[in-house]
Each structure stands twice: as C-alpha cells, then as structure tokens.
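Notes for the one structure printed next.
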Amino acid sequence: MAYVLLLASFAILLAGALLFTNAVEWLGHRLSLGQGAVGSLLAAVATAMPESLIPVVAIISGAEGSEDVAIGAIVGAPFLLGTIAMALVGTSAFLYRRRRPQGLGLNVHVPTLRRDLTFFVVFFTLGILLGLGAPENFEYLAAAIFVLAYAAYVRSTLKGGGTVQEEETLNPLILSLTRHGGPPRTSTVVTQVAIGLGAIVGGAHLFVHELLEIAEHLGVPALVLALVLAPLATELPEKANSFFWVREAKDTLALGNITGAMVFQSTLPIAIGLVFTSWDLDFYSFLAAGLGVAGGLLAIWSLQVRRRFNAIAVVIWALLWIVFVVAVIVG
C-alpha cells in the first residue's frame with residue numbers, strides 16, 4: 001500500500017507542478033518580467049517548490065528518520081539538477097537540433113546564466129563545507145548570509161532579466177480560457193497558481209510519510225532514499241518543461257528553469273538545514289554534493305564559456321549521476 005501511496009504522491013506533485021508552472025509563465029508576462037527572471041525566478045522556484053517543501057514537512061513531522069530525509073532532500077536536489085537534469089536538457093537539444101534555428105548553440109540571456117551558475121557553485125560549496133563542522137552558533141549566522149544572498153540574487157535578476165516574453169509564444173492556461181479564446185484573466189491565473197501550490201503541499205506531505213514507511217520496510221537508510229528517490233520524484237519530472245522549451249528554442253526559459261532552481265536549492269533550503277537540523281553530513285551526502293558541484297563547473301565551461309550544448313558535457317553529466325547511484329548500490 002505504501003508504494004501505491006508513494007506513486008499517488010508523485011502524481012499529485014506532478015499535477016500540481018504542471019498547473020503551477022503553466023500559470024507562472026502567464027504571471028511573468030502579466031508582471032512584465034524578462035524571460036531571464038521568469039525562468040530563473042518564477043519557473044525555477046515553482047518547479048523547486050515540491051523538493052523544498054519535503055525537508056520542511058519532514059522537520060515539522062518530527063518522526064524518526066525525518067532529519068535524514070530532510071538533509072537528503074536538501075543535498076539531493078542540487079546534485080540532481082547539476083547532473084542528470086543538465087544531461088537530459090542537453091540530450092533534448094541534440095534531438096531537436098534540426099528544428100532549432102540556433103542548432104546546438106545557445107539563445108540565452110547570458111548575464112542571467114552567468115549569475116545563476118556562479119551563485120550555485122559558490123553557495124552550494126560553502127553549504128557543504130559547513131557540514132564538516134562549524135563553530136557553535138555559527139550556523140545561524142551562516143543561514144542568515146544564505147538568505148540575504150538569495151535576496152540579493154533575486155534583486156539582481158529582476159533588474160536585469162532580459163526581454164519580456166511575447167503573449168503569442170505562451171501556452172494556453174490549463175485551468176480555462178476566456179469566453180472568446182483570448183488571454184486568461186488575472187484572477188484565473190492566480191486561482192491556478194493557488195490550486196497548483198495546494199497540490200504540491202499535499203503531495204509533499206504524503207511523499208515524506210510514505211518514504212519513511214518504505215525505508216523502514218526495506219531496511220534502507222532514509223537518507224539514501226531521500227538523496228536518490230526524492231529528487232527524481234519531485235525535481236526531474238517538473239524539468240520536462242525545460243525539455244519542451246529547448247525544443248521550441250526558448251533556451252533562456254529552459255536553462256533558467258534549471259539554473260535558477262540550482263541557486264534556490266543551494267541557498268534557502270540549506271539555510272533551513274543549518275538552523276533546524278544538525279547539518280551533520282555523511283559520506284553519501286558529501287559524495288552527492290561533490291558530484292553536483294562538478295556538474296555546475298562543467299555547466300560553466302559548456303554553457304557559459306563555450307555557449308553551446310556539448311556532447312562530451314552531456315555524457316559527463318550523466319556519468320556523474322550514475323557514479324553516485326552505483327556507489328549507493330555497492331555501498
């Protein structure tokens with residue numbers, strides 16, 4: 001029964017994220033935000049929401065093993081985004097290279113991409129280094145720094161987010177259209193955002209509960225399952241948006257959806273972990289984090305420096321994720 005409910009929680013999360021991200025694109029247009037800001041802030045935070053709520057719900061539940069779930073979800077999300085998510089987006093670029101006007105080149109807002117990747121590498125590395133042990137009460141100061149850093153990132157992204165997306169390039173709102181098939185009303189957009197967020201919260205709560213049940217039944221540490229299963233179930237499906245955006249040559253939205261989530265996951269959730277958990281990382285956590293940072297550095301080389309999707313980078317991103325899965329299985 002636990003497995004059925006776990007699948008149900010996954011379906012709820014995915015449905016909520018689909019509603020939420022669809023409405024976010026319209027919301028960004030209504031707010032006259034540049035595509036860089038829509039991708040790296042609105043879309044990224046929306047798709048990162050389920051994974052971010054899992055550690056919060058786990059900490060609040062206070063159940064046995066919940067702290068391991070929280071830490072695993074916090075570390076696992078940036079790791080997955082910097083490895084297999086990048087690999088899948090790169091693969092989609094190769095699959096659709098003939099229909100993309102720019103081929104394997106990038107049509108992105110370069111300042112946003114540069115800012116995202118730099119923030120991720122710096123703050124995810126700092127967060128993981130704190131897992132080696134920090135002076136007493138320093139975690140609170142560090143958490144405040146992480147929160148302020150993300151606030152500064154948001155301000156910078158809003159100020160320089162690129163051009164606003166044209167209305168004709170937006171997908172129809174899922175919830176409903178106006179009577180004449182025109183653009184949806186703002187109230188409809190907000191309603192869909194609320195429904196999507198509600199589904200995400202409910203799915204996250206169910207996911208944490210069933211994950212603990214399955215971990216106990218299998219005798220597998222909850223931390224390991226959270227590092228592998230939670231990001232796959234919550235982050236990766238929502239990055240399907242990036243797959244379709246790459247196909248439509250909307251690289252700023254496609255990559256911003258991932259790199260913006262990488263920034264978010266490497267700051268605010270880590271701040272939560274520093275304050276509300278022991279933030280005592282084990283071997284698997286450090287391994288996942290190290291591989292995630294390596295994926296981020298590779299993204300800087302391939303996407304920021306060379307400004308194109310590279311076959312070698314795609315293969316290495318995939319291998320980084322496979323290395324961790326093999327290490328978990330062998331261990």
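Descriptive notes on the structure:
- Approximate spin-label separation Ile322-Arg98, in nm, with each point projected 7 Å along Cα-to-Cβ: 2.6 nm
- Counted charge near Leu132, where neighbours are those whose Cβ lies closer than 13 Å (Asp, Glu -1; Lys, Arg +1): -3
- Proximal charge balance of Phe123 [Cβ under 13 Å; K/R count +1, D/E count -1]: 0
- Pairs of alpha carbons in the stretch 1-127 whose separation is greater than 20 Å (percent): 60 percent
- Peptides 76-83, 131-138, 246-253 ranked from most to least packed give 76-83, 246-253, 131-138, packing being the mean of other C-beta atoms within 10 angstrom over each peptide's residues.
- Of the three principal axes defined by the Cα atoms of the stretch 67-136, the extents in descending order read 55, 27, 13 Å.
- Sum of side-chain charges, Tyr96 neighbourhood, beta-carbon under 13 Å (Lys, Arg +1; Asp, Glu -1): +4
Quick note: the coordinates plus some simple rules give every number you see, no bench work behind them. Every value quoted in this text rests on a predicted model; they were computed, and no experiment measured them. Backbone-built Cβ (ideal geometry, glycine too); neighbour counts: all protein chains shown.
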